[in-house]
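Here is the structure we will look at.
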Amino acid sequence: MNEKRYAIVLDTKKCINCKACTVACRAENHVPHEEGAYRIWVTALELQGKFPDLHQDYEPSQCQHCQNTPCESVCPTRATYKSPEGVVLVDYDKCILCKACMTACPYNARFVHEHHKAIDKCTFCYHRLPEGREPACVETCPTKVRVFGDLNDPNSQVSKLLDTNRYYRLKEDRNTNPRLYYIIK
Amino acid sequence: MSTHVEKTGNSLIQINPSKAPIPFIIIGLILLAIGGYATLQVLFKGHEAVYGVTREVPWGLLISTYAYFVITSTGLAFIGGLGHAFGFEKYSKVSKRIVVMAFVILLAGFTQIGMEIGHPIRLMIYMILSPNLSAPIVWMGVFYGIELVILAIELYLVFKPNQTAKDHETAKVVGFFALLVGVFATSNLGYVFGSLNARPFYHGVYFSTFLVISGITAGAALLMVIHNIIYGWNIPEKLNGTMNALGKIMGMGIALMAFLYLWKILSSIYTQPGDAYLSAMALIKGPLSKNFWIGELGLAVVIPFLIIAFTKARNTRALGVAGIIFMIGLFFTRYDFIVAGQLPPMRKALEGSGVEAVNGLVQYSPSAGEWMIFALGWGLFLFLYFMAEKFLNLETEEHH
């Protein structure tokens, strides 16, 4: 039995909005340069404070690899499935492009990949994991906003970060149990 | 239970001397040509290049038109079932038309879903090889597939020459299942939307109920429209009772629709600031407000209801007019239902988020290509149905 349970912990205070993660993701996963085609994004949140004491935060995000997976449950052909480690993946060959998963996803994390003729999304760079490599967005980030690891390993960096920090997850009210954790500082 | 027994004409092919179907056959052919052109565009250029749906609003006009057609078909099957299985004589007097219409309009619906889905062939393969039974779309395929088969059997039965008493018994059973499966298919379609975690506007029992009721109403409306067209707006007296009964179904259906609207909209407004609230406000005073007030409420509720109420459902021409107005309005009902639920953005439209919004809502408007596929569905329905009127004997003869 595979006991790994992958997750990403994000310290968004470190984000400088360089968008290197989005570029790395696009290059690594051959995401086409087309409107609406992106696996990850960095939102510039609203400005806070009053001039001249202004402050801005950024919120990088992507597929949340939910444990309760709304996209998987509505997929008629099981094209969307979860790996043993809990990574939500799409089998391009089974995808019929009904787009039910797109309408079901509360994070707007999915899009139509025109070359694959299938739904596409973040895979945590699943193809790199057997080589011991981290997802491209994690590897490329100059300020180490994202930390990738195994939640089932108490000695992993992600487990330690979650043990020692308060955190939030996006849209917890949707009961999706996401695997992206945002540290609160 | 009535002892009514219906007898259909003996000859299958019978050229109708009426010229009424011809313009509709020609219009159908023109629309089919337009739709055929768009189909080629989709095949050569791809869905994304031709359709206006987006990452934020993945389901648009074609899903709306699909719902419009298939729900109307199951509504017709419901009315047919009332006639066949439950012995409501007034409906069995038009049973041939009901079956042909329900079958053809279901096919028209399938053109829309066939052109919407990126890989329809793959759908059929993997629905068998690896179906996800928790996915409502699987059940949608199952129910509408069974409905098509049932309607095909009904078609055979109503056109079978020299019908025996056993055939009538079989027709009763098949009619009952057409009604039952139709109700499951339509209410499950509400579940297809209701199961979407991200879209609270669709959640709950409302849409499953509303779709069934509005489908039966649409079936009644379409029957009155088609009969008026076929008989040159002068429906024979022998069908007055049938038209009156259909008018009453339609009036009651509209009243129930209005009742459901009231509570759906009010309850959605009280979810402020949630997404169901945003969807309701998109209808009330947002980008869909004209559709909602003029199309959904004006054309599909107020005007046809007033016509039916003032004429007491006795004037068949007025019923035909009410039917046409309702069927036009119902298009907005289906479109608004599909689109409104998807307009609330899944994240704020801030720089870098990838989302664009106007007044807090994402936008969608159908492309020319989508309208042409819409034309394909209508073309198929008009062409096939009026060809049937012209070349098949759709009169249901009766004796007691």
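Provide the net charge surrounding B:L12, with neighbours chosen by a C-beta distance below 13 Å and charges set as Lys +1, Arg +1, Asp -1, Glu -1.
Surrounding charge for B:L12 is +1.
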Within a Gaussian network of chain B (alpha carbon springs, distance under 10 Å), most fluctuating of B:M346, B:M387, B:M252: B:M346
I'd like the Karplus ³J(HN,Hα) series for segment A:170-185: coefficients 6.51, -1.76, 1.60, θ = phi - 60°, whole numbers in Hz, and an x wherever there's a Gly or Pro. 6, 6, 4, 5, 7, 6, 8, 6, x, 9, 10, 10, 10, 6, 9, 10
Using Cβ-Cβ distances only, list the Cys residues of the protein assembly as shown with no partner cysteine under 4.7 Å, sorted by number. A:C15, A:C18, A:C25, A:C66, A:C75, A:C95, A:C98, A:C105, A:C125, A:C141
Estimated inter-spin distance, A:I184 and A:N68, nm [label 7 Å along Cα→Cβ]: 2.0
Residue among B:L40, B:L350, B:L330 with the largest mean-square fluctuation in a Gaussian network model of chain B, springs linking Cα atoms under 10 Å: B:L350
Please list, in chain and number order, the residues 5+ apart from A:N152 or on another chain whose amide H is under 5 Å from its amide H, with Hs placed from the backbone. A:R5
The computed P(r) of segment B:246-374 puts the percent of Cα pairs beyond 22 Å at 46
For segment A:75-90, Karplus couplings with θ = phi - 60° (6.51, -1.76, 1.60), whole Hz, Gly/Pro x: 6, x, 10, 6, 5, 8, 8, 10, 6, x, 8, x, 7, 7, 10, 10
Over its alpha-carbon atoms, chain B yields an Rg and a Dmax in Å of 21.2, 74
Kirkwood Rh in Å, taken over all unlike Cα pairs in segment B:160-231: 14.8
For segment B:108-257, place one equal point scatterer on every Cα, skip the solvent, and apply the Debye formula. What is log10 of I(q)/I(0) at q = 0.10, 0.13, 0.14 Å⁻¹? -0.49, -0.81, -0.92
Per residue, how big is the convex hull of the protein assembly as shown when only Cα atoms are used? Give it in Å³. 163
Starting at the first residue of segment A:142-151, write each ³J(HN,Hα) from the Karplus equation 6.51 cos²θ - 1.76 cosθ + 1.60 with θ = phi - 60°, in whole Hz, x for Gly and Pro. x, 10, 6, 5, 9, 10, 10, x, 9, 5
On average, how much area does the Cα convex hull of segment B:232-301 cover when viewed from any direction, in nm²? 5.9
Beyond a 28 Å Cα-Cα separation, which of these cross-linked pairs lie in this structure: A:K117/A:K144; B:K19/B:K90; A:K4/A:K99; B:K45/B:K348? A:K117/A:K144; A:K4/A:K99; B:K45/B:K348
If you wrap a convex hull around the Cα atoms of segment A:105-185, how much volume per residue is inside, in Å³? 139
Could you give the DSSP H helices of chain B that reach 15 angstrom or more along their long axis (alpha carbon positions) and whose average Kyte-Doolittle hydropathy is no lower than -0.5? B:21-45, B:61-84, B:95-116, B:136-159, B:165-194, B:206-230, B:240-269, B:316-340, B:368-391
In terms of modelled amide H atoms, which long-range or inter-chain residues lie less than 5 Å from the amide H of B:V355? B:L350
Using 0.36 nm per residue, how much length does the chain from A:Y92 to A:K144 gain when fully extended, once their Cα-Cα distance is taken away? 15.6 nm
Using amide H atoms built in the peptide plane, which far-off residues or other-chain residues are under 5 Å from A:Y167 H to H? A:I184
Counting helices only, and only those DSSP H runs with n ≥ 4, report the 222 nm mean residue ellipticity of chain B as the sum of -39,500 (n - 2.57) divided by its residues, in deg cm²/dmol to the nearest 500. -22500 deg cm²/dmol
Positive minus negative residues near A:F148 (Lys, Arg vs Asp, Glu; Cβ under 11 Å): +2
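Read the figures in this text as sums done on the coordinates, not as results from a lab. Keep in mind that what you see is a predicted model, and the values were worked out from it rather than measured. All Cβ positions, glycine included, derive from the backbone under ideal geometry; neighbour counts span all protein chains shown.
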